[in-house]
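Student: Just passing along the structure, written as structure tokens.
The values are calculated or read from the model by the stated rules, or taken from the named source; none is laboratory data. As the structure is a prediction and not an experimental result, all values here were calculated from the model. Reconstructed Cβ throughout: ideal geometry from the backbone, glycine too, with neighbour counts over all protein chains shown. Just the protein is used for accessible areas: all its heavy atoms, side chains included, with ligands, DNA and RNA removed. Shrake-Rupley method; radii C 1.70, N 1.55, O 1.52, S 1.80 Å.
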Amino acid sequence: MNNPSHSTATVYVPRDSAARSVGADEVAQALQHAGGRGDFALDVVRNGSRGMLWLEPLVEVVTPQGRVGYGPVAPEDVDGLLAAGMLDGADHPLRLGIVDELPWLARQNRVTFARVGVTDPLSAEDYEAHGGLAGLRAALELAPADVVAEVTASGLRGRGGAGFPAGIKWKTVLDCADELKFVCCNADEGDSGTFADRMVMEGDPFMLIEGMTIAAHAVGASEGYLYIRSEYPDAVATMRRAIGVAREHGWLGKGILGSALDFDLHVRVGAGAYICGEETSMLESLEGKRGMVRAKPPIPAIEGLFGRPTVVNNVLTLATVPVVMAKGAQAYERLGVERSRGTQVFQLGGNIAHGGIVETAFGITLRELIEEYGGGTHSGRPVRTAQVGGPLGAYLPESMFDLPMDYEAFAAAGAMVGHGGVVVFDDSVDMAAQARFAMEFCAEESCGKCTPCRVGAVRGVEVIDRIVAGTHRDENLALLEDLCDLMTEGSLCAMGGLTPLPVRSALTHFPDDFLGGRRLLEIHPVQATEGTA
Amino acid sequence: MTTSRSDVTVESVVRRVVARHRGERGALLPVLHAVQAELGHVPQEAVPVLAEELNLSRADVHGVVTFYHDFRREPAGRTTVRICRAEACQALGADQLVSYARESGLPLGETAADGSVTVEQVFCLGNCALGPSVEANGRLYGRVGPARLGSILNGTVSS
């Protein structure tokens, strides 16, 4: 059987590790095998993921009408798809339609994620053809102070969770007179429910390199470090290869793009310490030390890596800089609400039917994210709670799902948007167990520098156990309150300081789980669909 | 490759690794990763050599080796299986995977008697929309139920 069009079809199969975790490599191999047999003329391109993760492996075929998607595709589906005419975009039970027109994607406002899933992540040509380097070229036309002014005017805030304005941080570094300055990208994305950084690094690595290079020009830095957690081996490999390609093309090194800018970039791999996602711990780790939190001041912008002025930003922050420079501060600033400007990359995970990346302007509600985008739970049971902003974020009850997603509105409600991770739980969740886990996790991952965090978390586990067991309940509840206050007030960083947030929110919104008033549902194991790999 | 036995001592491996990373700023972590990649763990004998080569105190090196979860003081099994226990995977039944492994005679942190597999916990593999997730020797698996974990533990999952 021949491909009726007699031309070579281009077929995209993601190389993103989430897609690979459910069989994308096997699907790509099956397609290549069919091509190798000469039955069909096709080229397989390994793209990033579009972020519709429940459809992975999502196979796309280039047709005159656009890229037609099929998914989720199992390796054993491949022969049938090809026989049905997939290479011409023909109908099939797995056919999804033109991918760009799928409502889940079309309703989003993809700014940072515009290229992720569209291009071949390691193709320099593809990158430039899809608008890559426009931001760097624009920045190199400007004086450093003007680049900083542009980033400040865009309203871009750090996407790592704290939300500090990026331009203000950069100005501090620019104003330091040192000869040697650094740009550090914090790619230690250790929070459960977050995967946007990983998808950027695996799906559009040049964008991050470009953003770091713009930052280097803006502040006068000559060296950059990308600190990636060891749990992300695919991101490490992709970034290393991309840096090699960038050097070959003169996008890194001496005289970047023919300008006077010299900047080189190194990948450093973490070693399994959650705390190294905290910026000062990350700097210690980069210096070859235990990742222990530093007291601030001095702030890293003034005394950072090896005591030098250092820009420390998250992956999404730096990856968003190129588009700010390419399209202009105003175009970015027009998106969003109040003091939360631009877009946020929400990540839907946990017990959710349609999990993945939703990039939209700030101001969307949690309900829209979970119900409209997410389609409810994966288990089909009612949603009971969502934890927003990682393991240090609050557990919110369904009654608070209409809160708009913006930094200030969430803070006012005793929660945090953080990095936009949303982890959904169904009604089988035991909230006392989740609160206990928050303390247990803090005890496990505390760097040990502050006593309230190091010892308080251990005591927190014990106190919660006593409350649940009904031992001196009132006294222990008061003790837990006191402990939470102490941890909040007495810890140097967010690890100890924010662990009380999930604990208190669980206790406030779901007290029955602690007090034995709620008859725990018989918990049925979620029958997760077994993958195909 | 060398065949002489003296070339594969811990000391020689450490010195060779350090030489490769000479010139990198604050090189201890990349050096430790490289030592572990070659030897499967960071043996106690490596600590004084590292201290001497990098001009650090033994206490400093020891402190770093023991601070990070990744660095092992003892060799692991031939396959390391890591079960994600972070919130997103908990929401989909990660604890059932831990129970399943335990009931198969592989509690967290333990290595099978025949040295085939070590089971560990990990907090977040970045696959939060396709959990529960498990990683085996650097490869990520999504939507893992007990049956699939069994296949992974038995090494019967096709690569």
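Student: I'm trying to understand the selection: among the residues of the stretch A:491-510, which are farther than 14 Å from A:A438 by Cα, outside any helix (DSSP H, G or I) and touching a residue at least 60 places away in the same chain (Cβ under 8 Å)?
Tutor: A:L492, A:C493, A:F510
Student: What is the residue count in the stretch B:12-30 for residues that are free of Cβ contacts under 8 Å to residues at least 24 places away in the same chain and at the interface with chain A (Cβ under 8 Å from one of its Cβ atoms)?
Tutor: 4
Student: Quick check on my filter: what residues within the stretch A:273-308 are within 13 Å of chain B (Cβ to nearest Cβ), assigned to a helix (DSSP H, G or I), open to solvent by less than 40 Å² (accessible area, probe 1.4 Å) and in contact (Cβ under 8 Å) with a residue 40 or more places away in the chain?
Tutor: If the condition is that a residue be within 13 Å of chain B (Cβ to nearest Cβ), assigned to a helix (DSSP H, G or I), open to solvent by less than 40 Å² (accessible area, probe 1.4 Å) and in contact (Cβ under 8 Å) with a residue 40 or more places away in the chain, then A:Y274, A:I275, A:C276, A:G277, A:S281, A:M282, A:L283, A:S285, A:L286, A:L305 are the ones that fit.
Student: Specify the residue that is farthest from A:I214 (Cα to Cα); the eligible residues are those in the stretch A:229-256 that are assigned to a helix (DSSP H, G or I) and charged (D, E, K, R). Give the steps one after another, and end with the answer.
Tutor: If we filter the stretch A:229-256 for residues that are assigned to a helix (DSSP H, G or I), which is where we start, we get A:233-248, A:256.
The next check asks that each one be charged (D, E, K, R); those that pass are A:234, A:240-241, A:247-248.
Details: A:D234: 25, A:R240: 19, A:R241: 20, A:R247: 15, A:E248: 18 Å.
In this case the residue turns out to be A:D234.
Student: Do you know which residues across the stretch A:165-198 are of a type in the set (A, V, I, L, M, F, W, C), part of a strand (DSSP E or B) and more than 10 Å from chain B (Cβ to nearest Cβ)?
Tutor: A:V183, A:C184, A:C185, A:A187
Student: Looking at the stretch B:148-159, which of the residues that are facing chain A (nearest Cβ under 9 Å) and open to solvent by 60 Å² or more (accessible area, probe 1.4 Å) is modelled with the lowest pLDDT?
Tutor: B:S159
Student: Does at least one position in the stretch A:357-367 carry a residue that is open to solvent by less than 40 Å² (accessible area, probe 1.4 Å), assigned to a helix (DSSP H, G or I) and outside the structural domain of A:D197 (by TED's automatic domain parsing)?
Tutor: Yes - at least one qualifying residue is present in the stretch A:357-367.
Student: Of everything in the stretch A:401-423, what is without any contact (Cβ under 8 Å) to a residue 60 or more places away in the chain and of a type in the set (F, W, Y)? Give them in sequence order.
Tutor: Passing the criteria: A:F401, A:F410.
Student: Going through the stretch A:260-272 one residue at a time, which ones are facing chain B (nearest Cβ under 9 Å) and in contact (Cβ under 8 Å) with a residue 60 or more places away in the chain?
Tutor: A:G270
Student: Which count do you get for residues in the stretch A:317-349 that are more than 14 Å from chain B (Cβ to nearest Cβ) and under 28 Å from A:E371 (Cα atoms)?
Tutor: 15
Student: Further, regarding this structure: When the residues of the stretch B:14-44 are narrowed to those that are within 19 Å of the chain's Cα centre (by Cα) and not in a helix (DSSP H, G or I), which ends up nearest to A:E287 (Cα to Cα)?
Tutor: So the first thing to find is which residues in the stretch B:14-44 are within 19 Å of the chain's Cα centre (by Cα), and the list is B:14, B:17, B:28-44.
Within this subset, residues satisfying the condition of being not in a helix (DSSP H, G or I) are B:40-44.
On the way: B:G40: 24, B:H41: 22, B:V42: 19, B:P43: 22, B:Q44: 22 Å.
Step by step, filter the stretch B:14-44, then rank; the result is B:V42.
Student: For the stretch A:495-503, state whether one or more residues are outside the structural domain of A:L366 (by TED's automatic domain parsing) and in contact with a strand residue (DSSP E or B) (Cβ under 8 Å, 6 or more places away or on another chain).
Tutor: Restricting attention to the stretch A:495-503, the residues satisfying the condition of being outside the structural domain of A:L366 (by TED's automatic domain parsing) are A:495-503.
Retained after the next criterion (residues that are in contact with a strand residue (DSSP E or B) (Cβ under 8 Å, 6 or more places away or on another chain)): A:502.
Yes - at least one qualifying residue is present in the stretch A:495-503.
Student: Answer with yes or no whether B:E53 is open to solvent by 30 Å² or more (accessible area, probe 1.4 Å), modelled with pLDDT of 95 or more, assigned to a helix (DSSP H, G or I) and within 13 Å of chain A (Cβ to nearest Cβ).
Tutor: In short, yes.
Student: Which condition from (1) open to solvent by less than 30 Å² (accessible area, probe 1.4 Å); (2) farther than 15 Å from A:A319 by Cβ; (3) among the hydrophobic types (A, V, I, L, M, F, W, C); (4) not in a strand (DSSP E or B) is the one that A:A260 breaks?
Tutor: Result: A:A260 passes all but (1).
Student: So A:G38 ticks every box in (1) on the phi > 0 side of the Ramachandran plot; (2) modelled with pLDDT of 95 or more but one. Which box is left unticked?
Tutor: The failed condition is (2).
Student: Can I ask one more? Among the candidates A:M212, A:M201, single out the residue that is within 14 Å of another protein chain (Cβ to nearest Cβ) and aliphatic (A, V, I, L, M).
Tutor: A:M201
Student: Turning to a different aspect of this structure: Given the condition within 18 Å of the chain's Cα centre (by Cα), among the charged types (D, E, K, R) and more than 27 Å from A:L58 (Cα to Cα), answer yes or no: does some residue in the stretch B:97-111 qualify?
Tutor: yes
Student: If you check A:V111 against the conditions, is it open to solvent by less than 40 Å² (accessible area, probe 1.4 Å), of a type in the set (V, I, T) and in contact with a strand residue (DSSP E or B) (Cβ under 6 Å, 6 or more places away or on another chain)?
Tutor: Yes.
Student: Out of the residues in the stretch A:45-80 meeting the condition of being more than 13 Å from chain B (Cβ to nearest Cβ) and acidic (D, E), tell me which one is nearest to A:L122 (Cα to Cα).
Tutor: Filtering first and then ranking leaves A:E60.
Student: In the stretch B:65-107, what count of residues is obtained for those that are open to solvent by less than 40 Å² (accessible area, probe 1.4 Å) and in a loop (DSSP other than H, G, I, E, B)?
Tutor: The total comes to 10.
Student: Quick check on A:D91: is it outside the structural domain of A:M201 (by TED's automatic domain parsing) and either within 20 Å of the chain's Cα centre (by Cα) or modelled with pLDDT of 95 or more (or both)?
Tutor: Here the answer is yes, as A:D91 does meet what is asked.
Student: For the stretch A:440-453, what are the residues that are touching a residue at least 40 places away in the same chain (Cβ under 8 Å) and closer than 15 Å to A:T488 by Cα?
Tutor: A:C442, A:S446, A:K449, A:C450, A:P452, A:C453 - these are the residues of the stretch A:440-453 that are touching a residue at least 40 places away in the same chain (Cβ under 8 Å) and closer than 15 Å to A:T488 by Cα.
Student: For the stretch A:390-490, which helices (runs of 4 or more DSSP H) that fit wholly inside it have 1 or more residues that are closer than 29 Å to A:L316 by Cα, open to solvent by 20 Å² or more (accessible area, probe 1.4 Å) and more than 13 Å from chain B (Cβ to nearest Cβ)?
Tutor: A:407-412, A:473-490
Student: Hey, another quick one. Considering the stretch B:112-147 alone, what residues qualify as being open to solvent by less than 10 Å² (accessible area, probe 1.4 Å), outside any loop (DSSP other than H, G, I, E, B) and within 8 Å of chain A (Cβ to nearest Cβ)?
Tutor: B:V122
Student: Given the conditions (1) over 16 Å from A:P500 (Cβ atoms); (2) without any contact (Cβ under 8 Å) to a residue 24 or more places away in the chain; (3) touching a helix residue (DSSP H, G or I) at 6+ places or on another chain (Cβ under 6 Å), report the number of the one that A:E398 does not fulfil.
Tutor: (3)
Student: Six or more apart or on different chains, Cβ atoms under 8 Å: show the pairs whose first residue is in the stretch A:354-374 and closer than 23 Å to A:G117 by Cα and whose second is open to solvent by 30 Å² or more (accessible area, probe 1.4 Å) and assigned to a helix (DSSP H, G or I).
Tutor: A:H354/A:W54; A:G355/A:W54; A:G356/A:W54
Student: Working only within the stretch A:355-380, note down all residues that are within 11 Å of chain B (Cβ to nearest Cβ), closer than 30 Å to A:A432 by Cβ and out of contact with any Leu (no Cβ under 7 Å at 6 or more places or on another chain).
Tutor: Answer for the stretch A:355-380, where residues must be within 11 Å of chain B (Cβ to nearest Cβ), closer than 30 Å to A:A432 by Cβ and out of contact with any Leu (no Cβ under 7 Å at 6 or more places or on another chain): A:T377, A:S379.
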